[in-house]
Amino acid sequence: MGPLSNKTIRYILITVAGVVLILCAEQLGFFEGIDTYIYDTSFRLRGPRTPSDKIIIIAIDERSLGALGRWPLRRIHYARLLDRLKEAKVVSFDLILSEQSDDDAPLAEAIQRHGRVILPVYIGREMERIYPVGLLSPYRVGHVHLEQGVDNVAREIFHTLHFKDLQLSSLSSVTYETLSGIPWRRSQLPHKTQYPPSQDSVFQADVAKINYYGIPGTFHQVSLSDAIEGRYLSAFFRGKAVLVGAAAQGIGDKVNTPLSQQRSRMAGVEVHANILNNLLDNSSVRDVNGWIRWGVCVLFSLLYFLIFIKISEKVSALGWFLGLLMVTASSFYLFSSLNLWLAPAMFYFSFTYVYLMTYLFKLDTAARRLDEEISSVTALLAKTAEGNGKGVSDKGLISLLSPGGINAKIHGLIRVEQDYGKTLEDTVQKRTEELANALSMLSSVSNEMILRLTKAVESRDEDTGGHVARVGLYCRVIAEEIGMPADFVESIPFSSAMHDIGKIGIPDSILLKAGTLTPEEETLMQSHTIIGARILANSTYPKIQMSASIALYHHERWDGTGYPHGVRGDEIPLDARIVMICDHYDAIRSRRRYKPAFDHETAFKIITEGDGRTLPGHFDPEVLRAFIKTAPLFDDIFYQYQE
C-alpha cells in the first residue's frame, strides 16, 4: 500500500478524535443503559447454572408464618432453629435483630451454644449504624447492603464498606471466610488525611458483579417450620452454610435481578446465597480491564477505517454489520464461558462512527471527482466558468452539504449536458455513418473476393459459366418459399457459391475429361466435397461455416444413396439439401462435354418424375414441394443470368 494522502491522514485524525470522544462518553456513563440491557439479556440467554450443594436457605415462607405465627416471628423460634443446625459449619441471618424482645435471652444462649452464627449490621438512612440488640453476641457481623442500579436491579455487591472508623465486611464474605477458613483479601482503609474518619460518608470497596445462578428458587430452600419441627436430620446440614431470611410475600426486602423479566423478584437471603456461591467457586463476573477495552476499540476502529476506505460501500456495510455481530458474540462468549464482561456499546458506537466517516470520505472524494469531470468536460467544450458567468464549486463534500452548492452542481451539470448533448449527438451520428459505410464496404469487398475466388475455380470448366450465380439465386427462392429466417435467406446465396470450391484440388485430366470416368476417377472426382470442406473448415465466420457444410453435403441424397458419407434424411443439413436440388436443376439445364443442355420442362420432369439416374426420392420432400411451386422463377433466373 502506497503512502497515505494528506486528505486520508486528515480523515484518520478526525476519526481518531471521534473515537476518543466516544471513549470519554463511555467513561462518563452515556452508554450505561445499552450495556446494562445487553448484560441482563446475556444472563437470560446463558440460562441457569447449578448452585453449590454447600449452601442451604432456611426460608421464612408462608408455610412458616402459618405454623409459627404472624410476622415478626418470636425469636424463640430462631433459638430452636439453631439447636437443629448444630452440625452446620456456619449460620448467617439476613434478619435485622436490632430491637429488644422477650426472647432475646434464649436466642443469645442458642448463639453461644452454636458458636458460628453471623448476624447482620446495617447503615440507616440517618447514617447511623444499626447492630443486633446488645444481648446477642454473634461470632461475627456482616453488612447486608445490596447495590441497586437506577432501575432497582441488584447487579453488584460491595464486600467492604469504610464508614467512619469502621470497616464493615459483607455478610456473604464473612460467611465465606467462616465456611472455608480462608481470609478474604480486602482493600485497605482509605488514608485518613484524604477521608477523615469523622466524615459521615460511606466508602465502598471490593466491588463484585453478582453472577446469578438462576431465578428465585434455584438454591435449595427449607421452610423454617420444617427445620424447627425436625423434618430434616441434623446430618443434612453437616458442614454446610445455612442462610436464614424472609421469603414470604410482604415481609423482608426483595430486589429485582437481571433475570426478573417476569417480575420474579428475589428475596435478599437468596441474593446473598448467590454472592456466597460466587465466592466459593470464584465465579463473580469481572469487568475486562478498561485500558484493554479502550486499546482494542481504538485498534479495531483504525483497522476498520483502513479497510473500509479501500472497499465498496456495499461491502463496507456488510463489514460494519459483521463487526457489530463479532463484538456481540465475543461479549456473550466471554460472559458465559469465562465470567468476563466486555461492555459492547462503546464498540457499537465506535464502529458505526468509523463506518460513517469512511462513507463521508468516499462521498467527499466522489464530489471532488465530479467537480473535476465537470471542469474537464467544460474545458473540452471551450466554455470556462467565467465565460458562463457561473462556476462549479470544487469544495467536495462541503459544497454538497450546502443547498447553494448542490444547486450550483445541478445547474452546472445541466449546462454541461445541454452544451455537450448537441456536440455528442452530432459526433455520434457522424461516427455511426462512417462506421456503417466502412462495414458495408468491408462486407462488399469480402463477398466480392469470395465470388471472384469461386469464379476462378469455375473458370477451369468452361462449360459451367454463370452456374455459381444462378445456384445462389435459386437457393434464395427456395429458402424464402419454405419460410426460413431472414439471415438464412441472406446468407445462403453467398455460402452456396463455394459448393464446388473443392474442385480446385481435382486434376484437369479428370475435371475436363469428355468421356466416361473410370471407377477410380469417379472416386477421385467425388472427393471434391471433402476437399472443399477442408478448405473452408474451422472458420469463425458464420457464412463460411455454412459454406463448409454445403461443400461437404451437397451431393448427399435424401434416400442415403449420395456421397461422400451416404447420410440420409434430416442427417443432411438443410442448407445442403436446398443447394443439392438447385445445383441439380442447373446442371440439367446446362451443356456439358458429356451431355447437351435441356429445356426447363425436361429438367422439371426429370427432377419431379425421375429418369433412371435422378429420382424424386433423392430430394428432401419439403424442398421438392417448394421447387415445384417456384419452378417458373427458376426458368426466369436461368435465362436472365447467362454468360
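The values are calculated or read from the model by the stated rules, or taken from the named source; none is laboratory data. Just so we're clear, the structure is a prediction, and the values are computed from it rather than from any experiment. As a convention, Cβ positions derive from the backbone with ideal geometry for all residues, glycine included, and neighbour counts pool all protein chains shown. With ligands, DNA and RNA removed, areas are computed over all heavy atoms of the protein, side chains included. Shrake-Rupley method; radii C 1.70, N 1.55, O 1.52, S 1.80 Å.
Brief remarks follow.
- Here the range 79-230 has 46 percent of its accessible surface on carbon and sulfur atoms, given a 1.4 Å probe and all protein chains in place.
- For the range 3-44, carbon and sulfur atoms together expose 69% of the accessible surface, with a 1.4 angstrom probe and every protein chain in place.
- Per residue value of the accessible surface for the range 495-576 (all protein chains in place, 1.4 Å probe), Å²: 48
- Peptide packing for 145-152, 572-579 was compared via the average number of neighbouring C-beta atoms within 10 Å per residue; ordered from the highest value, the list is 572-579, 145-152.
- Computed accessible area, Met546, all protein chains, 1.4 angstrom probe, square angstrom: 30
- Unit Cα scatterers, Debye sum, the range 539-615: log10 I(q)/I(0) for q = 0.15, 0.18, 0.21, 0.25 Å⁻¹: -0.59, -0.79, -0.98, -1.15
- Heavy-atom surface of the range 58-155, accessible at 1.4 Å and reported per residue (Å²): 52
- Tyr176 accessible area, assembled protein chains, probe 1.4 Å, Å²: 30
- Portion, in percent, of the accessible area of the range 506-569 that falls on carbon or sulfur, probe 1.4 Å: 56
- Value of Rg/Rh across the range 315-357 [Cα atoms, Kirkwood radius]: 1.05
- Accessible area per residue for the range 578-643 is 53 Å², calculated with a 1.4 Å probe on protein heavy atoms, without ligands, DNA or RNA.
- Solvent-accessible area of Thr365 with every protein chain in place, 1.4 Å probe, in Å² to the nearest 10: 40
- Per residue, the convex hull volume that the Cα atoms of the range 254-298 enclose (Å³): 103
- Given their separation in residues at 0.36 nm each and the Cα-Cα distance between them, Asn289 and Glu126 gain 55.1 nm when the chain is fully extended.
- For the set Lys209/Lys254; Lys7/Lys362; Lys7/Lys310; Lys86/Lys209, the pairs lying more than 22 angstrom apart at their alpha carbons are Lys86/Lys209.
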